[in-house]
Amino acid sequence: MRSCSRALASQCRAYSSAPKPSGTQPSSTSVKGFATLGAIAAAAAFWSQAPASKSIECEAPKKEEKKPSKTAEADKKQKLEGLTEDSPMRLRMEAFNKKLQAEITAEIERLDGQGKFQVDQWNRAEGGDGISMVLQDGKVFEKAGVGVSVVYGMLPPAAVAQMRAQHPNLEVPKEPMPFFATGISCVMHPHNPNAPTVHFNYRYFELGATDGGEPVSCDLEACDKHDPRYYKDFKKWCDEYFYIPHRGERRGVGGIFFDDLDDKKPDELFAFVQSCGKSFLNQYVPIMQRRKDMPFTEEDKHWQQVRRGRYVEFNLVYDRGTKFGLLTPGARIESILMTMPLTARWEYMHEVDLKAHGRLMEVLRAPKDWIPLQ
């Protein structure tokens with residue numbers, strides 16, 4: 001989730017990320033790595049069995065007809081032939097994302113007991129496709145969305161310039177650069193204010209001719225399995241990234257974040273991402289089962305709506321993934337904004353009831369180490 005820490009008991013989650021720790025910098029012509037915000041089984045069977053849905057016109061207008069790149073055509077052929085451990089990382093990550101999406105949506109439908117995911121499959125003329133799955137007005141969830149996108153395209157100089165804050169050695173080209181991106185984004189907005197909202201992203205990004213990546217998140221056990229330093233470092237990174245400067249608050253109560261992870265071999269990093277993704281249901285479902293039917297008051301619901309407003313502010317103003325998506329030619333706006341809550345609230349000069357919510361506000365202003373580490 002953009003964090004899946006042990007502290008999911010609040011209706012509001014936080015994640016963070018600070019400037020990338022010193023280390024290998026990407027070259028001026030390419031970016032490569034995995035990342036996580038607050039993350040291989042061939043998915044051919046799922047692609048062929050996914051229920052059909054109505055076609056929805058949600059892509060930005062295209063100025064001219066585009067054709068798939070040679071890379072996109074070659075990848076399409078390889079997927080039909082079948083993937084192996086030697087297949088390009090971009091195809092393995094795509095397959096993992098689609099399989100994870102199918103598993104999560106099936107379990108969330110079971111947990112909700114009433115709502116069903118609308119399945120919206122789409123294709124890009126330039127190369128790539130996606131599956132957006134959204135459940136709205138369910139019994140347990142007001143809105144739940146799990147989207148997978150696969151995009152081949154040309155990145156405009158303005159979007160490359162946005163990346164320079166994290167990649168100072170990246171030169172801004174005069175002409176668009178080829179790129180590939182695949183990611184899974186998952187958000188759960190429960191009806192009950194006592195149940196936790198959760199949001200995670202797992203992304204893989206290639207700019208130029210090499211592999212690269214973005215956000216993933218998981219728990220202490222999943223982190224320690226791959227590197228005992230990960231949880232402590234990524235928790236701190238999370239608290240720094242998911243910060244709303246104009247409010248002086250974090251977006252939620254905790255989690256992990258990492259971006260452009262490149263400190264290990266690609267297969268090792270991919271294994272870490274898989275561990276994080278697979279840990280989500282094991283953590284979130286038991287918490288929801290305990291909290292989805294807890295009693296709540298009108299004031300509790302009011303407070304939930306105010307906190308959702310903070311979630312929206314961060315995503316639209318500061319989140320790098322949202323900015324990147326909106327700057328991408330042919331961006332699919334419905335998919336980018338799928339994670340927005342169905343309802344939220346902004347009140348002029350709102351004053352927090354510190355007697356009721358003081359403890360949460362303390363954590364949002366001064367992040368807490370939920371799992372003390374030596």
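Readers should treat all values here as calculations from the given coordinates under stated rules, not as data from a laboratory. Since the structure is predicted, the reported quantities are computational estimates derived from the model, not experimental observations. Here Cβ is always computed from backbone atoms with ideal geometry, including for glycine, and neighbour counts include all displayed protein chains.
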Cα-Cα longer than 31 Å, checked against LYS99/LYS232; LYS77/LYS143; LYS77/LYS264; LYS77/LYS235, kept in input order, equals LYS77/LYS143; LYS77/LYS235
Report the label-to-label distance for ALA271 and GLU73 in nanometres (one decimal), using points 7 Å from each Cα along the Cα→Cβ vector. 3.8 nm
Could you give me the ³J(HN,Hα) list for region 72-79, computed from phi with Karplus coefficients 6.51, -1.76, 1.60 and θ = phi - 60°, whole Hz, x at Gly and Pro? 5, 5, 5, 5, 4, 5, 5, 5
Select from MET361, PRO295, VAL317 the residue farthest towards the positive end of the dipole of region 292-374; place +1 on Cβ of Lys and Arg, -1 on Cβ of Asp and Glu, and compute about the Cα centre. VAL317
Between PHE296 and GLU175, the FRET efficiency computed from the C-beta separation at R0 = 45 Å comes out, to the nearest 0.05, as 0.25
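Please report ARG203, ARG90 as a ranked list, fewest other C-beta atoms within 10 angstrom at the top and most at the bottom.
By the 10 Å Cβ count, ascending: ARG90, ARG203.
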Considering the dipole of region 118-202 built from charges on the beta carbon (Lys and Arg +1, Asp and Glu -1) around the Cα centre, which of ALA159, MET188, GLY128 is farthest to its positive end? MET188
Based on Cβ point charges of +1 for Lys and Arg and -1 for Asp and Glu, what charge dipole magnitude is obtained for region 101-212 about its Cα centre, in debye rounded to the nearest 20? 200 debye
Using the Karplus equation 6.51 cos²θ - 1.76 cosθ + 1.60 (θ = phi - 60°), what ³J(HN,Hα) coupling, rounded to whole Hz, does each residue of region 343-359 give in order, writing x for Gly and Pro? 9, 7, 8, 10, 10, 5, 6, 5, 10, 6, 6, 5, 5, 8, 10, x, 5
